[in-house]
Amino acid sequence: QVHVAESGGGLVQSGGSLRLSCTASGTVGFSMYTMGWYRQAPRGNEREFVAASDGGGHIAYADSVKGRFTISRDNAKNTVYLQMNNLKPEDTAVYYCNAEHYTSTGWGRGTQVTVSS
């Protein structure tokens with residue numbers, strides 16, 4: 001079982017910045033987890049991929065956030081971050097953190113990010 005918790009959401013104006021944090025703990029060391037950020041926009045849209053960082057230093061981003069968002073991790077603190085710059089109203093969503101290691105996976109409860117125009 002993997003325990004995951006996000007923090008750092010809030011309300012920001014268009015063009016502003018926010019940093020989300022996510023901690024995870026489970027049966028293996030944090031550095032072994034692939035950590036990912038996903039989001040779900042209002043009106044029941046599907047949860048979509050935002051960014052991910054695996055234990056080997058590989059990073060991936062959705063095209064919609066490339067150049068604006070940065071994922072990073074501090075394995076000593078069991079924490080992954082999502083730095084979001086130049087936020088747009090279409091970034092408004094509940095952001096979820098995911099930790100995955102083979103068949104072991106966990107999701108946080110999400111944190112709301114609202115970007116006003």
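The values are calculated or read from the model by the stated rules, or taken from the named source; none is laboratory data. Just so we're clear, the structure is a prediction, and the values are computed from it rather than from any experiment. Here the Cβ positions follow ideal geometry from the backbone for every residue, glycine too, while neighbour counts run over all protein chains shown. For accessibility, only protein heavy atoms count, side chains too; no ligands or nucleic acids. Shrake-Rupley method; radii C 1.70, N 1.55, O 1.52, S 1.80 Å.
Relative contact order for the chain: 38 percent, from Cα pairs under 8 Å spaced at least 6 residues apart, divided by residue count. For Arg73, the amide hydrogen comes within under 5 Å of the amide hydrogens of Tyr81, counting only partners 5 or more places away or on other chains and with H modelled in the peptide plane. Carbon-plus-sulfur accessible fraction, the stretch 61-117 (probe radius 1.4 Å, protein heavy atoms only): 46%. With a 1.4 Å probe rolled over the protein heavy atoms of all chains, the accessible area of Leu11, Leu87 falls in the order Leu11, Leu87, largest first.
Taking each residue as 0.36 nm, the span from Glu48 to Lys88 lengthens on full extension beyond its C-alpha to C-alpha distance by 12.8 nm. When the trypsin sites (Lys or Arg not before Pro) in the stretch 9-63 are filtered for DSSP coil states and for at most 13 other beta-carbon atoms within 10 Å of their beta-carbon, the remaining sites are Arg43. Residues in the stretch 75-91 carry Karplus couplings, in order, of 5, 5, 9, 6, 10, 10, 10, 10, 8, 10, 10, 6, 5, 10, x, 6, 7 Hz; the curve used is 6.51 cos²θ - 1.76 cosθ + 1.60 with θ = phi - 60°, and Gly or Pro positions show x.
Counted over all Cα-Cα pairs of the stretch 1-95, pairs farther apart than 24 Å make up 19 percent. When the surface is traced with a 1.4 Å probe over the full set of protein chains, Val2 keeps roughly 10 Å² accessible. The distance between label points at Leu11 and Asp74 comes to 2.9 nm (points 7 Å beyond Cα on the Cα→Cβ vector).
Surface exposure of the chain, expressed per residue as accessible area with a 1.4 Å probe, stands at 54 Å². Compared with the alpha-carbon gap, the fully stretched path from Ser104 to Val28 is longer by 26.4 nm at 0.36 nm per residue. Anyone know which of Tyr81, Tyr95, Tyr61 comes out most mobile in the 10 Å Cα GNM of the chain? Highest fluctuation among the options: Tyr61.
For the stretch 59-94, the set of trypsin sites (Lys or Arg not before Pro) satisfying both a DSSP loop assignment and a count of at most 13 other C-beta atoms within 10 Å is given as Lys66.
The GluC sites (Glu not before Pro) of the stretch 1-49 that DSSP puts in a loop, and whose beta carbon has at most 10 other beta carbons within 10 Å, are Glu46.
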